[in-house]
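The values are calculated or read from the model by the stated rules, or taken from the named source; none is laboratory data. Owing to the predicted nature of the structure, the values given are computational and were not obtained by experimental measurement. Virtual Cβ from ideal backbone geometry, glycine too; neighbours counted across all protein chains shown.
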Amino acid sequence: MFQSTTTHHILTRFLISNSRSYILVTLIQIIDMAVRGSFSSRAGFILAAAGSAVGLGNIWKFPFEVGLGGGAAFVVMYLGFAFILCFPVMVTEIAIGRKTGKNPIGAFGALGYAKWSIVGKIGTFAGMLILSYYNVIAGWALGYLVEMLMGNFDIGNNFSAFTTNMVKVVFYTVTFMSITSYVVGKGVAGGIEKVAKILMPTLIIMIVSLAAYAFTLPHAMKGLEFYLIPEFDEITAATVGGALRQAFFSLSLGMGTMIAYGSYLSKKENIVTATALVTLTDVIIAFIAGLMIFPFVAFNNGGDMNNLVSGPGLLFVNLPGAFESMGPTVGVVVGSFFFLLIAFAALTSTVSLLEVPVCYVVDEMKIIRSKAVWYVSGIIYIIGIPSLLGFGVSDFFTNSIVLPASTDFLSFAASIADTLLLFGGFCIVTFAAYVWKKENLVEEIKNGYEDYEGSIAHKFLNITISYICPVLLATLFIIVVLSHFFGISLI
Ligand code: PFF
């Protein structure tokens, strides 16, 4: 299915043109769009892009960074970074994608800078790496959903027994990857957009209901105080860096996801307002996730907010205990609701991660989407095997990675991906500002936003894309490389 207005525009050009080669080019464009697909509506695009952004990063990473890094002061800082750093990078990625109608690797070539396609290649690799371990965690969430439905709250105390049960883990991770592949295989409008339109509103209702319920639990206020009272002395250079990285990862930037999604966006859409809405949705959902998580944690710990765990320990060890304490019936409902929410949030992100390499294979290798998804997801699943084995099954993948920031393969893969995203983000904005040139970026943004030139948004984006984003991203990249790989802490 392809955009009727854009098609109309192309057909009009087709009819009024006398030139044969022009007719040919236009016909190729029509066929290309029909083959590639596109979002069918503005809301569909926004929900799909927000779905990519809202994921595991929001629900387990964000609340803890907030809790440990200054409470509300961190939230404000995160919000600032989301708009100063992430919003301009997202506008840039979407504009490059829409201008070229290509995947992140082909896009640079389509603009006439084929050498820069290395940036798209690195980004695509980073996305495949993220999906390889993200799918492992999503698979666990699916498994926990089933355990919660069966009332097996003790699973929290048996997390390592679960992660080392190969039959279960392989079953759930293969199932999750298959669901992702199925959705992506259905195409942009028929798969990604359709699922986002159902899952995103459902996810919002679920997270708000769970947060509302969490407020009613004993000790909820202790959790909320911990989360929300600003502690300015806890804001250090390291937490500022953490907020920047978290915002960047959370908005799915630096690897070309938004180039791919932008390539399916109609020329009549206003990229600036669409991006602002996506950014806002991501920040709001991350914030509400904290309102839900901390009362649960406080309830489980009897109001003691010291010695908190983050990451897998939080979701898969601590919270099942909280659900158990709610009693069998309520526990089953809240517990399964919670892991369903995690699975939904993960799914809208995994489809965007899979879309990037699939989009490349469809565009450049001319393999049909329904086949491409299975080849690509098969490769990614294989890349994810060391992460899957790195939680107790294989001693090597669990303990032998000797990096300052990681000993297990999953954290190692996450460190590499984290670093590559910052590098990719730096290259993309630098490319747009100084190689492709800002005038061209402005021309693209003007489609769907006629008054853009000279507007406040234009001035803001001009400064951020030219100076603030490249400087912040380059600095952060150096800091992260030194700390992740050499154990040198600059901040
Ligand atoms: N934004 C997702 C999250 O916060 O969980 C993760 C993610 C998805 C990162 C897609 C990068 C990406 F391209």
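Tabulated values for the structure
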read-out	value
Enumeration of residues in segment 95-128 that are in a helix (DSSP H, G or I), within 16 Å of the ligand (Cβ to nearest atom) and either under 18 Å from the mean Cα position of the chain (by Cα) or surrounded by fewer than 20 Cβ atoms within 10 Å (Cβ to Cβ) (or both)	G97, P104, G120, K121, I122, G123, T124, F125, A126, G127, M128
Identity of the residue in segment 452-489, more than 26 Å from the chain's Cα centre (by Cα) and in contact (Cβ under 8 Å) with a residue 60 or more places away in the chain, that ends up nearest to L420 (Cα to Cα)	F486
Test: residue in segment 38-53 that is touching a Gly at 6+ places or on another chain (Cβ under 7 Å) and either modelled with pLDDT of 65 or more or surrounded by fewer than 16 Cβ atoms within 10 Å (Cβ to Cβ) (or both)	no
Output for segment 239-253, where each listed residue is among the hydroxyl-bearing types (S, T, Y) and buried (at least 24 other Cβ atoms within 10 Å of the Cβ)	S250, S252
Considering residues of segment 247-304 that are under 22 Å from C86 (Cβ atoms) and charged (D, E, K, R) only, the residue nearest to the ligand (Cβ to nearest atom)	D282
Candidates G262, G256 - the one that is out of contact with any Phe, Trp or Tyr (no Cβ under 8 Å at 6 or more places or on another chain) and on the phi > 0 side of the Ramachandran plot	G256
All positions within segment 435-491 that are in contact with a helix residue (DSSP H, G or I) (Cβ under 8 Å, 6 or more places away or on another chain), outside any helix (DSSP H, G or I) and of a type outside the set (V, I, T)	N447, G448, Y449, Y452, E453, S489, L490
Residues (assigned to a helix (DSSP H, G or I) and surrounded by fewer than 20 Cβ atoms within 10 Å (Cβ to Cβ)) located in segment 221-238	M221, K222, L224, E225, L228, F232, D233, E234, A237, A238
Residue within segment 392-414 that is surrounded by fewer than 22 Cβ atoms within 10 Å (Cβ to Cβ) and at pLDDT 95 or above present	no
Qualifying residue in segment 78-92 (condition: among the hydrophobic types (A, V, I, L, M, F, W, C), within 15 Å of the ligand (Cβ to nearest atom), modelled with pLDDT under 85 and surrounded by 21 or more Cβ atoms within 10 Å (Cβ to Cβ))	no
Selection from segment 365-388 of residues that are more than 24 Å from the chain's Cα centre (by Cα) and either over 30 Å from I259 (Cα atoms) or surrounded by 14 or more Cβ atoms within 10 Å (Cβ to Cβ) (or both)	I367
Residue ID - farthest from the ligand (Cβ to nearest atom), chosen from residues in segment 315-351 that are hydroxyl-bearing (S, T, Y) and surrounded by fewer than 24 Cβ atoms within 10 Å (Cβ to Cβ)	T329
Some residue of segment 204-216 being within 23 Å of V333 (Cα to Cα) and within 16 Å of the ligand (Cβ to nearest atom)	yes
Members of segment 420-451 found to be without any contact (Cβ under 8 Å) to a residue 40 or more places away in the chain and surrounded by fewer than 19 Cβ atoms within 10 Å (Cβ to Cβ), listed by number	Y434, K437, K438, E439, V442, E443, K446, E450, D451
